[in-house]
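A quick write-up on the structure given underneath.
Here, each number is a calculation from the coordinates, and none is a lab measurement. Computed from a predicted structure; not experimentally measured. Here the Cβ positions follow ideal geometry from the backbone for every residue, glycine too, while neighbour counts run over all protein chains shown.
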């Protein structure tokens with residue numbers, strides 16, 4: 001076998017890193033876009049009531065619905081305004097899906113401290129009528145107002 005005569009021992013091999021740079025930039029763009037969607041998916045900002053203590057568990061349940069109630073009584077799911085009837089329909093759907101999977105559904109309420117109690121009470125009563133026993137309230141822990 002004959003070796004090529006053009007090969008020079010002193011010339012180092014050169015690697016083309018352009019594809020590697022392209023991949024890194026694509027990953028950076030992906031994570032920037034993903035973080036934007038995660039932040040925009042957050043619920044409507046509300047002034048939560050304060051509490052001296054609370055549970056900070058952040059486990060991810062498949063059968064959970066977070067409902068936000070602002071100071072005017074408007075309800076939001078995933079930062080989208082919803083009518084009370086559509087929120088009740090979502091709770092009904094949550095209960096049916098959880099019953100089919102044989103798990104306990106959970107409803108999380110994020111109510112503004114200035115919100116009227118009537119909207120929150122109706123949500124709790126609707127959950128109780130659908131046999132949803134896990135209702136959690138979001139609070140601001142450590143505040144003393």
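With the highest mean first, a sort of the peptides 24-35, 88-99, 65-76 on other beta-carbon atoms found within 10 angstrom per residue produces 65-76, 88-99, 24-35. Stretching residue 80 away from residue 121 to a fully extended chain increases their span by 12.7 nm, per 0.36 nm per residue minus the current alpha-carbon distance.
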